[in-house]
1. Do we find that A22 is in contact with a Ser or Thr (Cβ under 7 Å, 6 or more places away or on another chain) and crowded, with 19+ Cβ neighbours inside 10 Å in this structure?
2. Look at K40 and say whether it is of a type in the set (K, R) and open to solvent by 80 Å² or more (accessible area, probe 1.4 Å).
3. How many residues does the stretch 25-37 contain that are in contact with a Leu (Cβ under 8 Å, 6 or more places away or on another chain) and surrounded by 12 or more Cβ atoms within 10 Å (Cβ to Cβ)?
Amino acid sequence: MVDEVVLLGTYVSMFAVRVKIALADKGIQYEYKEENLVNKSPLLLQMNPIHKKIPVLIHNGKPICESLIIVEYIDEVWKDKSPLLPSDPYKKAQARFWADYVDKKVCNYHKICLSS
């Protein structure tokens, strides 16, 4: 069975880019659907009815939301490809720390720049 992988995102989202990088790193073929966040598609609203935001990875019809969760999911599902996170618990914790740091610092900087 061939996996059906769809990514809902927008080109200005660093969170969607994070997922694109993970998919590319693993060599996973996927369909990309650009979302208009002002006029959200019925597919986005159906796949992420709680937050109604991107990115959303749809794997064989099942949605996975939130970029860090998506990246971990990609790493767990496609184990036969090289791992995205280190296996050493300390190194894995460090990688998660820096991902969280980027989310909090870069995202806040990005919001400030967009509002100026």
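The values are calculated or read from the model by the stated rules, or taken from the named source; none is laboratory data. Since this is a predicted model, take the numbers as computed values, not measurements. Ideal geometry is used to build each Cβ from the backbone, glycine not excepted, and the neighbour counts take in all protein chains shown. To get the accessible areas, we keep the full protein, side chains included, count just its heavy atoms, and leave off ligands, DNA and RNA. Shrake-Rupley method; radii C 1.70, N 1.55, O 1.52, S 1.80 Å.
1. no
2. no
3. Qualifying residue count, the stretch 25-37: 6.
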